[in-house]
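Read through the structure below, which is laid out as structure tokens, and then see the notes.
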Amino acid sequence: MSEARLGDDQAMGREFYRALVLKRQFIVVGLVLAISVTLCIDLALGPAQYSLIEVVSALLAPSQVSDQVRVVLWEIRMPVALMALVVGASLSVAGAQMQTILSNPLASPFTLGISAGAGFGAALALAFGVVFIPAAVNYVIPINAFLMAMLTSFFIYSLSLRRGVTIETIVLLGIAMVFVFNALMALIQFFASQQAVAAVVFWTMGSLTKATWPKFWIALAVLAAVIPLLARHGWALTAMRLGDAKAESLGVNPRRLRLEVLVLVSLLAAVAVSFVGTIGFIGLVGPHIARLILGEDQRFFLPGAALCGALILSIGSILSKTVMPGTIIPIGIVTSLVGIPFFLCLILSHKRALW
Amino acid sequence: MVTLQLDRLTAYYGRRQILSEISTPLFHGGQVVALLGPNAAGKSTLFRRIFGLLQGGGDIRIEGAKASRPICYMPQENAVNAVLSVYETVLLARMQGRRLKVTPEDLAQVDQTLDELGITALGKRNIGDLSGGQRQLVSAAQALVQAPEILLLDEPTSALDLNRQIGFLSVLRRLAAERRLLVMVALHDLGHALRYTDQAMVLQDGRLTACGQSNEVITPELLRQVYGVAARIESCSKGRPLLILDDVA
Ligand SMILES: Nc1ncnc2c1ncn2[C@@H]1O[C@H](COP(=O)(O)OP(=O)(O)OP(=O)(O)O)[C@@H](O)[C@H]1O
Ligand SMILES: [Mg+2]
């Protein structure tokens, strides 16, 4: 607190910050590059194996390669590979913001019951043919799943509007919803035919293989609409991590922000989950990895969470095709089995507190 | 120059009335006003009411302010844990309500604020790893960095060591004078209030029991009535008023 200080001393802080920003920009670029590589590898893998060179040339100049290669890459594999990126990004962003607004490192679309709700909606259609909105065959199950997921989140939302409901209560409500839906799922499986049970179980494992171009575009459109709406609150969301009292003192309205973000991320998660089934791991871990490498300034954390989620699911998609050649293991299983040990190593080797 | 006057201000938590009709004379930029009173007197409540976080009756008259939101507020608690460096924490306080892009002026303002409070060296540290006093200074920096015209500080010195207490209060006094800033600061140390503030308001059970120039308000009678201690105020060898606490009354 001395009166006069050298200007150099002051500039130190700024230099530190500029270096920090530069480092983060490099990390973001690095993530984008890594995703491009995994995308190409993902496209190359499948019953018909292509070399990376073939894949890249088919991507850059589709008219130059044979029709067969073009159809396989562009019509069959591309929607699946891109769906992995969009779903990964959506779930990870949803988890990141749930963790932020609920101040809880365990919050994710899974813990708030959104995945479980979607699973229940899908199971109703698969087991008993219960259809909420008649639609094209391809979309009956996603629509069912989406409606149940949204219903779940609106239930939580409307309860959280009540006076005296704290963020801990919201998390507890979410966990309660998970148990309710698990019980309902068990009930469905008890009464349904064996075939139906198999279909339900397969759905809950999560699978990218049903992805098509239209589904991809829908998921992408939702992601592209929600991210700017979240980014608009970037500074306020960063401030939320300092606690409600501090955020309020900085002019943020924590309650209103929390509700708005809750609606946005529920939508994001519900869309993603309804198309691919339950993939629990991404929404929890994507944000933690992003936080680890990029910090919690939302200007980097938000894109970082999206990119980490996309990268993880893309790697998962590659592994699901390579672990047992000839079989595509459901992606939900792969991400958990391979991802969790990796995640444990990451957090245990890290010296600073993660949260 | 900014002025602030409270007129029959009340505040409620639910149905419970905490503040009853607080009216003050006109305070103006350049002044440091001490907000005094025992625990649970309503000091924090008054700050929250002035900042707009609580509803209630009465008027808060602010005139001559240049910005649309001239008040900044440093709350009493600052238990904070996030993966953010001190530099980012202070920066984000400045950036609230602004665009995502950080300008060089923003960085310059952060640098200057950290320097004024003597915490430049903490810039790189994670806020979760700081000591209690360091956190308190960071919290004060968050308020100061917003370039307020009226600054409300809720017990900003409660976790600071002796050196930093008087360092902080003299910086506050200098900034108030230089920037025509109106500072309202809740304090428990009446010796500090006597020495570093111009005006003092004393709250007791949500009522304003005294208000005026610090050296006229802070008297042995007040100490006995409000705080229940027997005390003397004498002149030290350098001519400054000196508070001597004798006993609980
Ligand atoms: N969130 C709240 N809900 C209900 N009552 C509250 C709340 N916060 C404070 N109060 C009550 O309001 C009264 C004034 O509290 P306040 O925090 O303003 O005191 P204070 O003067 O700041 O005390 P301290 O010196 O201990 O910080 C107390 O009786 C307290 O119990
Ligand atoms: Mg208080």
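The values are calculated or read from the model by the stated rules, or taken from the named source; none is laboratory data. Because the structure is predicted, anything quoted here is derived from the model rather than measured. Quick reminder, even Gly has a Cβ in these numbers, built from the backbone with ideal geometry, and neighbours come from all protein chains shown.
Do we find that B:ALA121 is more than 16 Å from ligand 2 (Cβ to nearest atom) and hydrophobic (A, V, I, L, M, F, W, C) in this structure?
On the way: more than 16 Å from ligand 2 (Cβ to nearest atom): yes; hydrophobic (A, V, I, L, M, F, W, C): yes.
When the stated conditions are applied, B:ALA121 passes them.
Within the stretch A:279-287, can one find any residue that is among the hydrophobic types (A, V, I, L, M, F, W, C), surrounded by fewer than 22 Cβ atoms within 10 Å (Cβ to Cβ) and not in a helix (DSSP H, G or I)?
The answer is no; no qualifying residue exists.
Output the residues belonging to the stretch B:210-249 that are of a type in the set (A, V, I, L, M) and part of a loop (DSSP other than H, G, I, E, B).
Narrowing the stretch B:210-249 to residues of a type in the set (A, V, I, L, M): B:210, B:217-218, B:222-223, B:226, B:229-231, B:233, B:242-245, B:248-249.
The answer is B:ILE218, B:ALA249.
Are any of the residues in the stretch B:186-193 assigned to a strand (DSSP E or B), touching a Leu at 6+ places or on another chain (Cβ under 9 Å) and modelled with pLDDT of 95 or more?
We begin by selecting, within the stretch B:186-193, every residue assigned to a strand (DSSP E or B); these are B:186.
Right, trim to touching a Leu at 6+ places or on another chain (Cβ under 9 Å) and you get B:186.
Subset that is modelled with pLDDT of 95 or more: B:186.
Looking through the stretch B:186-193, at least one residue is assigned to a strand (DSSP E or B), touching a Leu at 6+ places or on another chain (Cβ under 9 Å) and modelled with pLDDT of 95 or more.
Test B:LEU190 against the stated conditions and say whether it is of a type outside the set (Val, Ile, Thr), within 26 Å of B:ALA40 (Cβ to Cβ) and either within 14 Å of chain A (Cβ to nearest Cβ) or more than 16 Å from ligand 1 (Cβ to nearest atom) (or both).
Working: of a type outside the set (Val, Ile, Thr): yes; within 26 Å of B:ALA40 (Cβ to Cβ): yes; either within 14 Å of chain A (Cβ to nearest Cβ) or more than 16 Å from ligand 1 (Cβ to nearest atom) (or both): no.
For B:LEU190, the condition - of a type outside the set (Val, Ile, Thr), within 26 Å of B:ALA40 (Cβ to Cβ) and either within 14 Å of chain A (Cβ to nearest Cβ) or more than 16 Å from ligand 1 (Cβ to nearest atom) (or both) - is not met.
So, in the stretch B:52-74, exactly how many residues are facing another protein chain (nearest Cβ under 7 Å), in contact (Cβ under 8 Å) with a residue 40 or more places away in the chain and surrounded by fewer than 23 Cβ atoms within 10 Å (Cβ to Cβ)?
0
So which of B:LEU169, B:LEU153, B:LEU181 is more than 16 Å from ligand 2 (Cβ to nearest atom) and within 14 Å of chain A (Cβ to nearest Cβ)? Spell out how you get there, then give the answer.
Numbers: B:LEU153 fails: more than 16 Å from ligand 2 (Cβ to nearest atom); B:LEU181 fails: within 14 Å of chain A (Cβ to nearest Cβ).
After ruling out the rest, the residue left standing is B:LEU169.
Find the residue count for the stretch B:1-50, including only residues that are of a type in the set (Lys, Arg), more than 7 Å from ligand 1 (Cβ to nearest atom) and more than 14 Å from chain A (Cβ to nearest Cβ).
So in the stretch B:1-50, the residues of a type in the set (Lys, Arg) come out as B:8, B:15-16, B:43, B:48-49.
Next, from what is left, pick out any that are more than 7 Å from ligand 1 (Cβ to nearest atom): B:8, B:15, B:48-49.
If we keep only those that are more than 14 Å from chain A (Cβ to nearest Cβ) too, we end up with B:8.
Result for the stretch B:1-50: 1.
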